[in-house]
Every structure is written in structure tokens, then in C-alpha cells.
Amino acid sequence: MKFQKKNGWRIGLRVMVCAIAALCAGMISEAQTKNPYAGDAKVAKLGESQFRSNCAFCHGLGARGGGRGPDLTRAQKRHGSSDEEIFHNIHDGIAGTAMPPATAGGIGVGMTDEEIWQVVTYIRSVEKKTNAVTGNAARGKELFYGSAGCGTCHMVNGKGGRLGPELTTTATSRSEEYFVDSLRNPNKRLAQGIVEAMKDFPQEYETANVTTADGTKYQGVVLNEDAFTVQVLDTRETLHSWEKSSLKKYEKTRQSLMPAYDEKMLPEKDLQDLLAFLAASAGRGK
Amino acid sequence: MKIRAAMIGVLLLSLAGTTNAQVAAERLLNAGKEPQNWLMYSGGYSGLRYSTLDQINVNNAGGLAPKWAYQTMAGGKFETTPLVVDGILYATGPDDRAFALDARSGRPIWQYQRALPPDIRPCCGRVNRGVAILGDKVFMGTLDAHVIALDAKTGAVVWDITAADYSKGYSFTLAPLAIKNLVLVGVSGGEYGIRGFIDAYDAATGERKWRFNTIAGPGEPGNETWEGESWKVGGSPAWITGTFDPATNTTFWTTGNPAPSNRGIGRAGDNLYADSLLALDPDTGKMKWYFQFTPHDEHDYDATQVPVMLDDGGKKLIAQANRNGFFYVIDRTTGKLLSATQYAKVTWSNSKDATGRPVGSKEGEPTLEGNPVCPGALGATNWMSPSYDPQTKLFYVTAREQCDIFSTAPQAYDAGHAFYGSAYYPNDSSQPFWGALRALDPATGKLVWEWKHNSPTWAGVLTTAGGLAFTGDAEGNFIALDAKSGKPLWHFQCGASVIAGPMTFAIDGKQYVAVAAGSTLFAFGLQ
């Protein structure tokens with residue numbers, strides 16, 4: 001609104017606008033609690049088109065998850081599984097994540113409330129029944145913090161290391177196939193780190209090998225980076241921030257610090273136990 | 001008494017001064033003669049985004065420092081290029097803000113924000129890229145598809161016209177272009193199955209003088225390049241500011257994707273004039289010639305990059321580094337293609353037609369299950385302004401190296417709703433994604449140098465007679481490079497991605513460089 005003198009007419013108009021806005025707000029909050037199209041296959045199809053245009057860039061085809069967006073075919077979702085919560089997450093975005101609000105033009109082409117409900121209907125139509133967890137969570141926990149060595153770098157429920165992604169609730173956002181892939185072939189797709197609001201892509205968990213001016217060598221994970229500086233957590237969990245031009249050597253690789261767990265290092269049964277532990281920590285299956 | 005009379009005389013004189021129109025059309029024609037000002041989106045009609053100011057140069061750029069900052073307090077992408085006229089800066093911000101600042105201090109003089117309807121359909125953020133100025137008015141296209149004129153001294157709305165129905169997906173995001181007594185705008189909305197157009201309005205009254213439909217209608221040449229009724233919802237927006245050649249009285253505009261953007265089934269044919277360069281008569285809107293960059297586009301390769309006019313010896317050219325990954329040099333008197341060379345990774349095309357124009361391949365078409373294609377849907381570049389430096393004779397473009405997987409599926413047109421017929425998402429097996437400022441030689445199409453960006457960026461480029469190329473990155477750095485070598489000379493961390501083109505101006509003999517980032521407009525100068 002341009003700065004201008006108020007007059008009675010304008011104030012009156014404003015009161016009216018406010019009253020209408022309040023009325024509409026009431027209607028919207030009503031509209032946001034219940035999916036008016038629940039179970040409607042035709043609407044799900046419309047929702048699929050919306051999903052493809054607006055959501056697939058991060059959440060992948062069929063909502064199966066891309067590198068950057070969670071798999072939405074899991075019935076239990078990290079930021080809420082009810083229709084109302086999913087609507088709210090699409091409508092307003094999820095603070096602290098890369099998920100933007102649909103309404104401010106942040107998601108794809110943006111979506112109306114009607115289109116958001118279409119997407120909710122579509123997501124419901126592609127949700128999978130949770131696979132029965134076959135592993136033993138208690139044994140998985142022992143492995144995680146013991147012989148498998150996961151806890152050296154990964155934290156679950158406040159216990160563990162900081163070098164790799166925190167895993168407490170990851171079972172709600174990633175498929176089992178994704179976990180298996182990450183364990184067996186960690187270089188195939190690096191995990192996503194810090195998200196900056198205006199950047200197209202988040203920082204990935206790349207590996208840095210650094211030699212400082214005094215000859216000290218460090219290896220660690222790149223927390224963030226730009227053309228001139230790099231922020232690293234080294235393998236001893238010490239934080240560093242360097243001007244790249246001050247370093248004797250700065251090499252970055254897409255070779256993850258995470259070892260590839262083949263069948264020998266991690267037999268299938270152990271893997272299932274680990275998955276059971278992660279599922280249990282996320283409150284999904286016991 | 002004498003003193004008082006003299007004072008009144010001065011007052012009268014200055015009052016008389018204020019009634020003069022600020023920017024006559026002749027000033028726009030001769031913008032290069034007043035480099036202290038930045039009179040239009042790309043700096044001048046040629047679209048070079050080059051300034052002859054050289055006080056800030058390769059020898060002292062290391063001493064640049066912020067001089068002031070203006071905060072819009074708005075969220076979303078801040079894509080504006082400010083204008084500066086005689087010490088006053090005019091710019092726009094998200095949600096159709098416009099403001100005038102004292103360009104010396106950054107202090108606001110007036111601020112305008114449009115009351116937008118809640119159901120507008122901007123495809124890609126509530127953005128605006130700037131104003132045009134003519135006489136005492138600044139002109140702005142709005143997200144609800146209006147064109148408005150604001151009083152340059154007060155920000156008051158002088159006229160406000162409806163150009164199209166926003167509820168069908170029409171909107172304006174570009175900075176208009178003023179030519180003679182007209183204000184030219186091109187529409188956004190290629191994601192909604194609009195029928196694109198370029199309009200010209202009388203600057204004094206807002207009366208529409210002509211409309212050029214960027215999709216040929218029935219009975220017009222080009223309509224046969226659309227299958228059935230597909231032309232009605234064929235997109236072809238024109239959402240980036242054009243250029244103007246007064247010597248031939250021709251204005252050059254570029255158009256965006258045919259709709260649905262990633263589904264060619266149902267719109268068989270070349271789909272004219274989508275993804276094209278149009279040469280129009282600015283007085284009548286009549287087309288003189290066209291050149292289509294991407295026939296039957298299925299990858300959203302809008303040609304909406306500023307068509308840069310450059311002269312090479314006796315040759316009058318237009319150069320465009322296109323979103324589709326090719327760098328085109330075209331004779332701007334005839335529209336004939338002179339060269340098309342790859343400047344980024346390209347897999348959508350593996351052959352050229354008889355005229356040397358790259359054409360799509362069967363292998364590059366989107367499929368239901370998804371087909372990896374380079375460049376990705378966001379392009380090898382996008383709307384961010386390139387620059388041409390007549391001193392180095394190099395063309396500078398922000399390149400993006402990111403490939404996508406393109407999937408296509410049937411979708412019925414539904415007015416006002418997204419109309420892609422598709423999904424696309426980054427092809428992770430082609431990681432890492434990155435970007436670069438590339439300096440290309442228009443004579444050969446060859447890469448002379450590149451400055452690597454850590455990740456793909458949306459910042460435009462400014463070059464100056466000081467031997468500098470300014471650009472920004474997605475990580476928030478605003479950077480000055482040696483335009484000859486690409487060597488970095490200075491950078492400043494703006495705190496948010498630079499998603500705008502830089503510009504430069506001077507006041508009191510001091511040169512400034514300005515750029516928008518986050519919600520802040522920064523002005524830099526020498527310490």
C-alpha cells in the first residue's frame with residue numbers, strides 16, 4: 001500500500017475489508033481441516049497433474065522421493081500424517097526445511113486451496129502400507145552403537161556422532177530401499193545438508209581434504225561452501241571455517257566418508273535389524 | 001528587497017524546472033551520453049548492460065565497500081534492476097512494490113505497494129524486475145496483469161489499465177520498455193496455457209495502441225504450425241524486456257515456451273512464435289521477421305533472454321545465449337541465423353537443419369517414465385541479464401550446468417490452472433550441479449574464460465569501461481571480475497542469493513554499483 005493520508009471513506013473501507021478478511025479466514029480454517037475430496041479417484045488424478053508440476057522436482061515421480069524431498073508414499077510422515085497437517089505443510093511450508101509455502105509462489109507455480117486438496121488426495125492414493133519390520137530393533141541398536149559403528153558418525157535420539165546426518169526420524173521420510181542403497185552404496189547419492197532459502201540446491205555431504213598454510217591436514221565433511229570460503233566439520237568433530245585462498249590444499253570429493261557396507265561387513269540380517277532400530281526410533285513399528 | 005526579488009526569481013525558476021518532464025524520449029535514445037544515469041532495464045536500447053563509467057576499475061575495485069542499503073522487508077525473490085535518473089533511484093520489489101530513493105543516501109522518497117487480489121497466479125514467485133521511465137512517470141507491469149503509471153515524484157497512480165485476466169494465469173513481471181511515446185510490455189503465464197502477447201500503451205493516457213499476439217491466429221501465417229485448437233492455449237509469453245534499434249525503427253522481443261511446456265503431443269508443429277526472436281515495428285506492432293530458436297519445444301526452453309544488439313564492423317547483429325544451451329548470432333536486419341554454438345552441456349539436440357539451426361532429437365523427448373536431458377528445465381541460462389562489453393568484444397552469460405529428468409503425461413487444459421503436462425526433476429546422476437560466468441567471443445562462439453560458481457545461480461551481469469564484469473552467486477556473493485581474464489578482484493557477502501542484474505550510476509562525480517539480494521538493495525562505492 002502506498003503511503004497516503006487516511007480519510008473516513010478509506011477507513012470505512014478498511015473496516016469492511018477487515019471484516020470480510022476475518023470471515024474468509026474463518027472459512028479457510030474450516031476448509032483446512034478436512035479433505036473434501038477424500039478417496040475421489042478423479043480428484044486424485046487432477047492432484048497427480050498438480051503434483052507433477054509443483055512437487056515432483058523434489059519429491060520425485062509417484063511421490064517416491066527424490067534426493068532432496070522425502071518419500072511421501074510412507075503413511076507416517078515426519079511433519080504430520082493427517083489430512084489437515086499435510087494441507088498445512090503444503091499451504092504454509094515447513095519452517096527449517098526446504099519445503100516452501102505453496103501460496104507465496106514458493107512451490108512450482110503455486111497452488112490454490114482446491115489444488116492443494118487435490119494433491120493431498122493424490123498423496124493418499126499412492127501411500128503404501130508399511131512393510132512389516134522383520135528385524136530385531138534391540139539388536140539393531142546394539143549394532144548401531146557397537147560393531148557396525150554407525151553411531152560414530154550418526155546420531156539417534158541424542159546419542160551418537162555428528163559427522164553424518166541425524167537419523168532419529170529418517171525412517172518416516174525415506175524408503176527402506178533408500179536406506180539399503182545408502183548403506184551398500186553411499187557414494188551413489190550424497191545426503192543433503194544445509195538448505196539456504198534462495199538457493200536451488202542444498203549443500204551435500206561432500207568430503208573435504210584440507211592442508212592449511214602451516215601444513216596441518218584435515219579430513220571432514222563440508223557443512224557449507226561458497227566460491228571463497230568453506231565450512232568443515234573434521235573427523236574429530238572440530239568446526240573449521242577457512243578462506244580457500246589461505247589453504248595450501250583444498251580438495252573436495254563426492255566419495256562419502258561413510259564406508260560402503262557390503263554383505264560381508266553387514267549381512268542381510270544385521271541390516272534388517274538396523275532398519276528395525278531406525279523404524280523404532282521414528283516411532284514406526286517395533 | 002533586491003535579495004528577496006532574486007530569491008523569488010530563483011524559486012520561480014526552480015518551480016518552472018519541476019514542471020519540465022524528467023525524461024524526454026530523446027534522452028532514452030541517447031542514454032549512452034549520460035552514463036551517470038541508468039535510464040532503462042538493460043541500461044540502453046541495445047541491451048548491452050554495459051556502462052562507460054570507469055572510476056571504479058580493475059586497479060581499485062578491491063577497495064569497493066557498501067555505501068548504503070535499502071530494505072524492502074519483503075520475502076521472496078528480489079529481481080529488480082533499478083533505474084537512476086538525476087540522483088533519484090527507481091526500483092521495484094516483490095508483491096508489486098515500487099519505490100524511489102535518494103540514490104546518494106538510499107533514503108526513501110516514496111513507496112508504493114499494490115493491493116493485489118488474493119488469487120493471482122504468478123508462476124514463479126511474486127516477482128517484478130523493474131520500471132521504465134518516460135516524462136514524469138514510471139511504468140510497471142503488475143502480477144494481476146495490469147499496467148500502471150506512477151508519478152515519478154510522488155508514486156501516485158496516474159493511470160491503471162487492465163491488460164488481461166489474471167485469473168486465467170496472465171501476469172506481468174518484466175520491466176516495461178519505453179519507446180517514443182509508448183510503453184511496451186510482454187506478458188507472463190506460459191505455465192497456464194495463456195495466449196501470449198506484447199502490448200504498447202500510450203504513456204500519457206494508458207490507451208492501448210497495439211497488441212502483437214505471439215501465437216499466430218487462424219488465417220495468419222504460422223497458425224498452421226499448431227495442431228487443431230492447440231494455438232488457443234499455446235503459451236508463448238514474452239516476459240523479458242526487449243531492445244530497440246532506432247536506426248531501423250525495430251524493437252526486438254523474445255518469447256517463451258509453447259504450452260503445455262513439456263508435452264508436445266497435441267500441439268504437433270513448430271508452434272510459432274513460441275521460443276522466438278521477434279522484430280516488430282514499435283509504432284504499429286507489425287512483425288518484420290522472426291527467428292525461432294527451439295521449434296516444437298518440449299523442455300520449457302523459453303527464449304526470454306535479453307536480445308543483445310551488437311555491431312561487429314559493418315555487421316549489425318543480435319546475440320543471444322539461449323536457455324536451450326546454444327549461443328546464437330543473428331543478422332538483426334534480416335533475421336538470418338549466422339551461427340549457433342553450444343556454450344553449455346546439451347543433449348536435447350544432436351543435429352542442425354539446413355540453416356544451421358539446432359533441432360530436437362527423438363532421443364531428447366520427454367517420456368512417461370522420465371528421460372534425462374541437458375540442459376534441465378531451468379535452462380543453460382534463464383532470464384538473468386547477459387552483458388556485452390564493446391571494449392573486450394566479449395559476451396558474458398551466466399551459465400547453469402544442471403540436467404533434469406523430463407517426464408510427460410496427458411493433462412487437460414483447465415483455465416487458470418498449471419498446464420505443464422509434465423514433471424521434471426534434477427538428474428542426480430549428473431551431479432554435481434554448478435554454474436559459471438562465461439565470456440564468449442561472438443565472432444567464433446568460443447569460450448574465452450569462465451568463472452565457476454559453486455552452484456547454479458540466477459544473477460545477471462554488468463560490464464563497465466573500468467574493465468570490470470560484475471555478477472553474483474547463489475551463495476550470496478556479489479563479485480567483481482577482470483572482464484578480460486575472469487580474475488576475481490573483489491567480493492562482498494550479501495547474505496542471500498543474488499537473483500538480479502547489477503547496474504551502475506554516478507552522483508557528484510562518484511560512481512556506484514547497485515545490486516538486489518535477499519530483501520536488500522545494496523549500493524557500493526570506493527572507500
Taking the Cα centre of chain B as the origin, how large is its charge dipole in debye, to the nearest 20, when only Lys and Arg (+1) and Asp and Glu (-1) carry charge on their Cβ atoms?
-> 1360 debye
Rel. contact order, % - alpha carbon contacts under 8 angstrom, at least six apart, chain B = 15 percent
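Before anything else, pin down the relative contact order of segment B:133-181: Cα pairs under 8 Å, at least 6 apart, normalised by residue count, whole percent. Each step should come with its number before you reach the end.
Numbers: 83 pairs, mean separation 18.6, N = 49.
Result for segment B:133-181 is 38 percent.
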Determine the shape class of segment B:284-341: with a ≥ b ≥ c the square roots of the Cα gyration tensor eigenvalues, call it rounded for a/c under 1.5, and otherwise prolate if a/b is greater than b/c, oblate otherwise.
-> oblate
Ordering B:192-204, B:237-249 by per-residue average of other C-beta atoms within 10 angstrom, highest first, gives B:192-204, B:237-249
Under the definition of partner shielding as Cβ atoms of other protein chains within 10 Å of a residue Cβ, what is the mean value for peptide A:56-62?
-> 5
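Just want to confirm a number: the relative contact order over segment B:115-227, from Cα pairs under 8 angstrom separated by 6+ residues, in percent.
On the way: 244 pairs, mean separation 22.3, N = 113.
Reported as a whole number, the value is 20 percent.
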Can you list the lysines whose alpha carbon sits under 23 Å from that of residue A:129, skipping same-chain ones fewer than 8 residues off?
-> A:34, A:42, A:45, A:77, A:269, A:286
Could you check the simple spin-label distance between residue A:239 and residue B:508, using points 7 Å along Cα→Cβ, in nm with one decimal?
-> 4.1 nm
Ranked output for segments B:164-171, B:141-148 by mean other Cβ atoms within 10 Å, highest leading, reads B:141-148, B:164-171
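Rounded to the nearest 0.05, what FRET efficiency do residue B:232 and residue B:368 have when you use their Cβ-Cβ distance and R0 = 30 Å? List each step's numbers first, then the result.
Working: r = 26 Å, r/R0 = 0.85.
The pair residue B:232/residue B:368 has a calculated efficiency of 0.75.
What is the average number of partner chain Cβ atoms found within 10 Å of a Cβ in B:394-407?
Numbers: counts 0, 0, 0, 0, 0, 0, 1, 0, 2, 0, 1, 4, 0, 5.
Mean number of neighbouring Cβ atoms from other chains: 1.
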Place a +1 charge on the Cβ of each Lys and Arg in segment A:50-164 and a -1 charge on the Cβ of each Asp and Glu, then give the dipole magnitude about the Cα centre in debye, rounded to the nearest 20.
-> 740 debye
Euclidean distance between Cα centres, segment B:207-251 to segment A:33-47, Å = 38 Å
About the Cα centre of the protein assembly as shown, what is the dipole size in debye to 20, counting +1 per Lys and Arg Cβ and -1 per Asp and Glu Cβ, all else neutral?
-> 1340 debye
Determine the shielding of peptide B:185-191 by partner chains: average, over its residues, the number of Cβ atoms on other chains within 10 angstrom of each Cβ.
-> 1
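Would you calculate, for chain B, the mean residue ellipticity at 222 nm contributed by helices, counting each DSSP H stretch of 4 or more residues as -39,500 (n - 2.57) and dividing by all residues, to the nearest 500? Show your work: numbers first, answer last.
Working: 2 runs with 23 residues, N = 527.
Only helices count here, giving -1500 deg cm²/dmol.
What ranking do B:442-448, A:72-78, B:46-52 get when scored by the average of other Cβ atoms within 10 Å per residue, highest first? Provide the component values of the computation, followed by the final result.
Numbers: B:442-448: 16.6, A:72-78: 18.6, B:46-52: 25.1.
Highest to lowest by the protection proxy: B:46-52, A:72-78, B:442-448.
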Tell me, in nm to one decimal, what length is gained between residue B:52 and residue B:315 on full extension, where the rule is 0.36 nm per residue of separation less the Cα-Cα distance?
-> 92.5 nm
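Taking 60 Å as R0, compute the FRET efficiency from the Cβ-Cβ separation of residue A:84 and residue B:391 and round it to 0.05.
On the way: r = 61 Å, r/R0 = 1.01.
Computed FRET efficiency for residue A:84 and residue B:391 comes out at 0.50.
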The distance between the Cα centres of segment A:181-233 and segment B:438-459, in whole Å, is 25 Å
Farthest positive-ward along chain B dipole, Cα basis, beta-carbon charges - from B:82, B:265, B:128 = B:82
Dipole check, segment A:190-240, charges on Cβ (K,R +1; D,E -1), about Cα centroid: among A:209, A:222, A:190 the Cα furthest to the positive pole belongs to A:209
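For residue A:212 and residue A:252 in one chain, what is 0.36 nm times their gap in residues minus the Cα-Cα distance, to one decimal in nm?
Working: separation 40, 0.36 × 40 = 14.40 nm, distance 1.43 nm.
Going from the current span to full extension adds 13.0 nm.
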Measuring from label point to label point, each 7 Å out along Cα→Cβ, what is the residue A:41 to residue A:134 span in nm?
-> 3.2 nm
Label-reachable residues, segment B:367-391, where backbone N falls under 16 Å from a point 7 Å from residue B:446's Cα toward its Cβ = none
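Could you line up A:134, B:92, A:112 from fewest to most neighbouring Cβ atoms inside 10 Å?
Details: A:134 11, B:92 30, A:112 17.
By the 10 Å Cβ count, ascending: A:134, A:112, B:92.
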Using a Förster distance of 41 Å, how high is the FRET efficiency between residue B:487 and residue A:162, based on the Cβ-Cβ distance and rounded to 0.05?
-> 0.60
In nm, give the distance between the simple-model label positions of residue B:74 and residue B:29, each being 7 Å from the Cα along the Cα-to-Cβ direction.
-> 3.4 nm
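Since every read-out is calculated from the coordinates, none of them should be taken as a lab result. Note that the coordinates shown come from a computational prediction; the quantities given were computed from them, not determined experimentally. Cβ sites come from the backbone with ideal geometry, for glycine too, and all protein chains shown count toward neighbours.
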